[in-house]
Structures are given as structure tokens and as C-alpha cells.
1. In the protein assembly as shown, what percent of the accessible surface is made up of carbon and sulfur (1.4 Å probe, ligands and nucleic acids excluded)?
2. Using a/c under 1.5 as the rounded threshold, could you call the range B:526-577 rounded, prolate or oblate? The axes a ≥ b ≥ c are square roots of the C-alpha gyration tensor eigenvalues, and prolate needs a/b larger than b/c, oblate otherwise.
3. Just how far, in whole angstrom, is the range B:227-241 from the range B:137-151 if you go by their alpha carbon centroids?
4. For residue B:258, tell me the accessible area in Å² from a 1.4 Å probe, rounded to the nearest 10.
5. Would the range B:282-378 count as rounded, prolate or oblate if I go by the C-alpha gyration tensor, calling it rounded below 1.5 in a/c and otherwise prolate when a/b exceeds b/c, oblate otherwise?
6. Roughly how crowded by other chains is peptide A:353-362, in terms of the mean Cβ count from those chains within 10 Å of each of its Cβ atoms?
7. Residues of the range B:307-349 losing 30 Å² or more of accessible surface, assembly versus chain alone, probe 1.4 Å, please list them.
8. Looking only at other chains, what is the average number of their beta-carbon atoms within 10 angstrom of each beta-carbon in B:198-204?
Number of protein chains: 2
Amino acid sequence: MMLEKIKSPADVKALDVYSLEALAAEMRTALIQKLSKTGGHAGPNLGFVDVTIALHYVFDSPKDKIVYDVSHQSYSHKMLTGRAEAFLDPEKYWSVTGYTEPCESEHDHFMVGHTSTSVSLALGLATARDLKGETGNVIAVIGDGSLSGGEAFEGLDNAGEYATNFIVVVNDNEMSIAENHGGLYKSLAELRATAGESGNNYFKALGFDYRYVERGNDIATLIEAFKAVKDSKRPVVVHVHTQKGRGLVWAEEDREGWHWAAPFDAATGVVHWGTGESYSEILAEYLLAKIKADPKVVVIHSAVPAGIGFNAGRRKMAGRQYIDVGIAEEHAVALASGLAKGGAKPIYSTHSTFIQRTYDQLSQDLCANNNPATLLVTCAGADGMNDTTHLCIFDIPLMSNIPNLVYLCPTCVEEMKVMADWAIDQTERPVAIRVPNGVTHRSDVFDKDYSRLNTYKVEHRGSRVAIFALGSFYDRGVAAALELKKAGVDATLVNPRFASGVDMALVEELACDHEVFVTLENGVAEGGFGQKIATACGTLGVKVLVRGLAKEFYDKVPFETLCENNRLSPRQVADDVLEALK
Amino acid sequence: MMLEKIKSPADVKALDVYSLEALAAEMRTALIQKLSKTGGHAGPNLGFVDVTIALHYVFDSPKDKIVYDVSHQSYSHKMLTGRAEAFLDPEKYWSVTGYTEPCESEHDHFMVGHTSTSVSLALGLATARDLKGETGNVIAVIGDGSLSGGEAFEGLDNAGEYATNFIVVVNDNEMSIAENHGGLYKSLAELRATAGESGNNYFKALGFDYRYVERGNDIATLIEAFKAVKDSKRPVVVHVHTQKGRGLVWAEEDREGWHWAAPFDAATGVVHWGTGESYSEILAEYLLAKIKADPKVVVIHSAVPAGIGFNAGRRKMAGRQYIDVGIAEEHAVALASGLAKGGAKPIYSTHSTFIQRTYDQLSQDLCANNNPATLLVTCAGADGMNDTTHLCIFDIPLMSNIPNLVYLCPTCVEEMKVMADWAIDQTERPVAIRVPNGVTHRSDVFDKDYSRLNTYKVEHRGSRVAIFALGSFYDRGVAAALELKKAGVDATLVNPRFASGVDMALVEELACDHEVFVTLENGVAEGGFGQKIATACGTLGVKVLVRGLAKEFYDKVPFETLCENNRLSPRQVADDVLEALK
């Protein structure tokens, strides 16, 4: 076996083309074997094996620097840069991350996970190289799907005016996650159809030289193309046409389904997705019902439709009332604002980690105009994604401090639905709803009207201690109250509902006959909900414990560990409250 | 005079072409007259008179909807939509805002001020029109400078796949604010040079039909072009070549200097800029000295170089150590991260209001990677710009809650310089510095090392009351202490320096022998610095007053009024503290 002998890119360079092809086959086998056990980005990695081999054959990493976009296609890169064991030895499967990671290797330059960043980051490396009078190639790898993100355009546009070595490899596998969207993709299709000769060339229009490689899974062809641009003194795009999922028949056929796959049976292709009721399914059915009931309702999504259960069938059912803008969160929010202004009822849904890409559009385009769009923030909280690059814990500080934006945090499925009903029908203001991840059914009886802003709900009236348990941490509040009960304290339990403001009347009332408040929120505490309560209590004489996550970039810390480390277990909350009562 | 008889676009339609030209001349005269008294966006508005007339002649606003980007070129639009008096009667000069404003007129659809938003917002209106089965044209106006912003690209790319009426008027005046940057502008130049025939056509590459108008200040030509695209069923770009500053000889010659001009002498062109020492001049000299001292220092800016005093002469002096990326803040931050990773010393400077456009790049590209770039946040605080669309009061909540980012708030010029010295030379982490607007000289003696994070400085040790006076509000803290002194209270005065963290040791120490803390910050209090202090004091038994601005989109409220309304005058602070001491 060759792969286990590859300790660095130098070992790749020593092989002839036939051996490189054999190596590619070995790498695909290892990838499939590992992915079947661990799950992961199957499609992107299987399609990019050959390009990776050719890159390392032609260029001299780490002197030549390869910067991956998203970096969910960097498994082959890891195999060829001293980390093959992590793909060969099941006991070491978890020894590397699913993204590039500078801590792992000098061949990795950035830790990234959001799309559309590679061109700008790599241009920084190229510019530093030039300022320091050094040499070497800088190569940014970017997928066709990532090209729709504004940051990638800004980077390409800026790079287009440099007169220096800067190579962009566009990995065109004809789709991002679901189908691709945007006029640009028609141009890419034209370029593919004309072997790169079409006049509508986005890259040339931005100032790049351009080279097309139709056979993007053929190593010899790729080597020739990369040799031709190596040491180029001008920015150049190498547009490589690859096959997503190549080598795994089911992934080749269902490219959306296999973009990321859970562990699967390598012999039958059966994926072991989790079972049971899921929020995305519930959301999808809810949104489809809304779409059917009102032709003005329009659901907007940005390239990850599976996140709200909008598979191809549901997308078809929704028709023109479903808009996938591609990876373009800024546009999505501004579009929603325009739709609301025009009298439609837009609902934009995205994961917490991606809402970060659109702060100014939330503030300026949407909230300063106070247009009544509805936002659904999914996958939010410490129980959302837990890679450093996909943390879903910053949305409360980000969104709850923008004027005019009402940020509602339902505690369960039914509350989520009544809040969304209200948000979609009202015409006064933008409303965001933080969708919990777990499927909790609590009750069917919730207020239907949230137009009296910042009105919290007292679910149980006790004494001495009041627990403000926000959204998906409501259950944790209930559990903490139970612990306190054991110690003889009958705590008041509040469902705050609004993350974006304080129920001052209630806070003042409770402060009169309570000694300790504790706030619980499923996200970073700094800048968040609890700090508003603590501030509101500044002169009220009540003690306030604010419990949320400390401000950190956590890396794959399991949910309950994260809670324990931040004194968020019900037992810890109760202990700290009892201590404060002393 | 015709202009005073124009009450609505219908009155424009009644004129023949010769009268329209006379009207344009009248409008330019009125513009120059008003601008000479009030100051404003001279260049953009003078160049866009003719296009505006032609738009209102051909289209039927408000049924047809015109959406302006930035909207700093909408003065002519206001003149033709019932608001001419605001440009003719000096007593009414201030009756309209400098941007589109839905409260003023049904012809204005959005309140905007940041660039690159018009395409997405207008596409929302067009989509709402289609969903509701209505008709009418939707026209997005965007300047060439705004095209470099990622949001504009995302909008164009998405629009390019629609099969519906959507007209984009690209106002190409060959420059944004300073010279244009980016490969795209070479393409625009090629299109101008070839009368629109060049093959490198960015708009076609994104799926748009395309039409070029060379004589973009000729009303008859413009009318013909707009008539040709009216009721188009496909997305189409009308690329209009206009002359910035047309009609005012000094503005025609110095297009950068007259983009926005203070009041001026209409006879001589002498602009009455404010006098005296300014932070931008000090910053410019400081940065130039850094550039000269170290070839690895590189100053990055995004299209408003005047904000740091980088006029053409200084830009030339800085050479390749100065990078203007154009309006592309996302790219600027990611580029800085890449530069820092590559061993250069990047310093990215932008106004507080524009840092909002790059939250995710700060978080993911820069801070998750912990690369040692320096950010200078200028024009920050309630004494920064005060249009709703350009408020500079949200940067503390935005930046102080991102992990790894150190946000320093100097109290005066000298402290700003030592903090920047430290930030630029250290290699551990990203550091942002909030540049105060006023030029305060306080002392030459400041700590040179800020690597012990979150260490506040006690400037005066008193008793009972401690004032935490952050950054540019340090002086306000001094004044409040003086007020308290009159009432017999010798307050402790703290210069917190770090907006991004709490000096827990100091807070606990002061809590032992003080009764009241008050925090002062020059920005929105929610999610900001003071709330961290209030939270830290949750169980310490000290009262905490958090003083900053309430979370609102303020519109042109004078600085001291804003302070008074938020109980931030020294007298009010002292009164509230004394009340809390009771």
C-alpha cells in the first residue's frame, strides 16, 4: 500500500503518474472506509482527491501555500501532509479535525469552516510574501458553491488588480450543497459547455487570467495545468471541472444527499441517519402549511435547505414561494427586507453560525427600516454544531442588541409555532425566532400575541429565588428548580420569551420579595440576555447570577461538558444559588 | 422658474426635452446654492441630475419603484417628488434628510446609507410584486463604487437567474469616493472604451441583459435608453457613464475632494472645512511614520481614505504599504488576517458604522485564527456621524463579545499611540483600538504594555463611589467626579482601557469599600462594557449604574442632547449616583 508510506508531499513528487492514479484509488478507499464509520463531507472530498494529488505534485507546500475554502474538502490534503494514519487506522480516525487546522500541520494555514473566505485569506499571504521580498506560490482553492458569497467576490475583485503570483483553483462540481443558484452558475455552465471559451467569463471580467480543465479528475491533465500556472506573475484562475462524490456510486448519484453523510454501510450505501422526530421536519411541515395558506408567504434559504427539511420534493411543492439564494446571507436578509416592504411575508431561515455573516444587513437593511420580515435561527445554542468554525452560540449577543429587532426564544415546539404565527402575521417590525434543537412538547397553551414587547411569563410563583430560564434552557430551569426544592427553596420560574429586552415591571416586582435571580441562556453570556437582567437590577438590591457560556471559541466540546464547565448543570445552578442565599 | 412648479413626477412628464434640459440647469443651480450653505454630497448629486430626470420622465413612480444605493445621490429625486422647496427655500434646507426616507415620501422605499444594498432590496420589491400578481417596473440604482461590496454582488448574482422585470441602473462616474479599486473597474473602463462592446462583461456573466449609455448626462439619450428597457421581462443592466460633480467646476476637477463637501463659497469654490488639529491628521502622520519604520507594516483601508487623512500625497508616500480595497470591508478584515498570518503587520482602519459590515470576518477569519492584526475603529461614539444610517454607536457590543479580540479604548491621543504601538508590535492576538474623535491631550505617561489583559488603571483612589469612565468618555468621568466633589464625595476614577473584558480583581477589591459603581461608555449600553461590570458585580453587594445610550436608531440627535436624554451629562451622572448612595 502506497498511502501509508506518504509522510509528506515530497513522497508524492517521487511517484510517476500511474502510481499517482493508484494512490488516488487507495485514498478513495480509505476515505470511504473512514467516512462509513465516522460520517463526514463525503461528496466534496471524494471529488477532490485528484486535484489534491496534482497540487502537491506540482507545488511545494508549505513554501507554496494552499488555502482551502470551507476546508471541508481537505481530507486528501491531510492524507498527503503527514496525517494519513488518521484515515487508515480506525483508532486514529478522530485524531484530525474535519477542516484545516494550523495546530495540526504547517501545511494548514487557517482554521475556517464558513465559505467564501479562501481568496481573501490567501491574498493576505501573497501580499505578506511580496512585502517581505519572499517568493513562492499562493493557491486559493474555492468551490463553485462558495463563489456566491460576497466575501469571495470582494477578494477576487481586489486580487484582480494585483500584478503578482496568485492562483485560484475553482473546484467546479456543478453544485454547492443543494443545486447551485445565481446567474453566475449559468456562466460556469457555459464555460464548461464551451471548454472555457465562452465570452461570459466572470473571472476575466474581474481581471484574472483564466484556464479551464475539463477533465478535473484526471491527474496527468491536472499536473499539466498546474505546471503551466506555477510561478505565474499574474492572478490566474484554474477552473477545474470535477465530479462530486466520485468513487462512491451512491454519492455520485445523489450529490445533495451525500454532501455530508452520517456513518453508512459501505456495502449497501444505507446511511444511518438519526431517527425520531426532528425540528427540521416539524419546521418544514409548518412552513409548507404557511405557504399553502397564503400566496404572499415566501421562505428564503441560503444553500442549506436540509436545515429546515426542504428536500427536493418540498422545494417543488413550495414553488416560487421558496427562494434559495445560494450561499449569500447578506443578500438573503436584504431581500427579505425588500419583500416585507413590498407587502409579502418573507421568512428567512438559517443556522445560528451563519447569521453572523449578515450583521449589517440585519441592522441597516432590515431593522433601521423596521420591515416585518420573520427570521428563524436554527441549530442555535451549545447543543448546535460544535466545531470551532460552526459554533452556534453567538446569535443572542449579535441579535439582541440591534434596535427594533425582537428576538423571541420559544421553549418548545408549540411555543415556537405560535410565536412564528404571530411574527408572520404582524406588520409592525422584524422578528427573529430562535428555534430550539431538541423536540420538546410542553403544552399547547401559549399566548398568541407578542405585540406587548418584553413581557415575560411567570410559570410558577415561588419565593426568595427567581429563575429566568430562556428558550431552550427552560427545561434546565425546571430541573434547577427541582434541585432547589430538595433544599427547601420554592423558586419562582420565569419564561422570559424575549431575549432582546427586559420586562422591567416584572423585574422590579420580583426584586421586592426575592433575594437571588439567576438567568440561564443557551449561548455566550457576554453581551447576551442575562447581562441585561443584571444591569436592570443594578440598584435593586437583588443578587443576580448570570449563567451562560464564557466567551470562547470552543472546539468540539460535548454539550453536557460545556454546561458543566460553565456551571450550567441544574445541580451547579442550585448550588450557586444556595451559596448566594447565605 | 420651472423647478418650483414641479410638485410630482407627472409635472416632469409634461415637459419637452428642451425644457427638461433647462430644468436640469435649474436643479444644478439650486443644488450648488443649497450645498454651499449646508454642505453635502456635492459630486454624486451634481452628476446624477440628468439620469434622475430621465428616470422620472420614463417611469411612473411610485408604481414603478426606484431604489437608490447609499441614496446620497437622491437630492434630484427629492426635488422631483414634491420636495423641491427643501432645495429652493433656505429656511427649508433642513426639512429633508440627505438620504432616501420613506417617512418623507411614497417615492422613497428604504432608509439606507451604507453602500451595495439597492439591488437586494429592490429585488425584494420585484419579487413581492410578482408574488402578489402586480405589475410595474422596479429599478435599482447603484454607483460604480458600490459594486465592489459583496452584498451588491450577491444581489446581482441572485437577480441574474430571475425571469422578470428588474432594471439595474449602474451610475458609472469612474470613481467611488477616492479612486476606484478592484479588477472589476478595469472591466468597466473597457466597457466605456468600447461603448459597451467589450467581451469582459461582468453583468452579462451574472446573467443580465446589458445596455451601455455613453452620454449619461444627456437627457434625450437617457430617455431613449430607459424607454427601451421599460417593462422588460428580463433582468437588465443600464450602464450609464456620468460625470461626477458636473456643473461645478471645482467638483469636476477634484472629484475626490468634492464627494462630500462642507459649506463653501459658491463664487470661489473655497470650502469651509473645520480648522484645528484633527484625529485623522494625527492618525495619518502616526501611520506614515510606522510605514517608514518597518516595511512589514501595511495600512488597509476600504474606500474612505480621508477618514484617516490618507490624501493622495500620503497614499503615494505609503506606496505598496497602503492598500485601498475599495468598498469591501469583509475582504479587508480577511486580508488583514492573511497578512498577519504571513508575518506582515496589517493595520485596518475603518469607521465604526462600517465595521458592522464585517462581523463574521472578525469572528471567523480573524479571531478564531487569533492572527495579530490591528484594527483602528474611527469616528466611534455618539459624537461620530449621527444620521440614522451612519450611527457609530454599535461597535462596542459588536466587537467586545467576540472571543480573542482585545478592544482597547484610549482616552486621548497619546494613549491611543502607545496602545497602537503595542498592538502593532505584539504577535499574540488581534487587537482593535477605538480612536476617539476629539483631540484630547491628557498626559504623555501611559503604560506601554497591554499584554496583561483586562487590567484597568485607577487614576484616582477615592471612596464610596467608583467611576469606570471608558475611552472617550474618560473626560466625562472626570467632570462627573468634580460634580460629586461639590457634594462632598471623593469618587474613585478608573480608566478601564479594555472594553472587551473585566478586571475582576479590581472590581472585587473596589466592591469591598465602595457603595456605588457607575460605568460610562460612548455608545449603546446594551451588550456593551458596562453590562459586563454590572454582571461581574451580581453578587458583590455594590450598586451599579450603567450609563450609555439606550438601544435605538437615533436620527441626527445632537451629541449633548443624546447625552442628556440618556442621563449622561456629568451633572446627571452625579445626581443619579447621589440618589443611589442614599
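1. On the way: 18670 of 36530 Å².
The value for the protein assembly as shown is 51 percent carbon and sulfur by accessible area.
2. oblate
3. 14
4. 10
5. Numbers: a/c = 2.04, a/b = 1.31, b/c = 1.55.
Judged from the Cα gyration tensor, the range B:282-378 comes out oblate (a/c at least 1.5, b/c at or above a/b).
6. That average works out to 6.
7. B:320, B:323, B:330, B:331, B:334, B:335, B:338, B:339, B:341, B:342
8. 6
The values are calculated or read from the model by the stated rules, or taken from the named source; none is laboratory data. In this text the structure is predicted, and so the values were computed from the model without any measurement. Here the Cβ is made from the backbone with ideal geometry for all residues, glycine too, and neighbour counts use every protein chain on show. Only protein heavy atoms, including side chains, enter the accessible area calculation; ligands, DNA and RNA are left aside. Shrake-Rupley method; radii C 1.70, N 1.55, O 1.52, S 1.80 Å.
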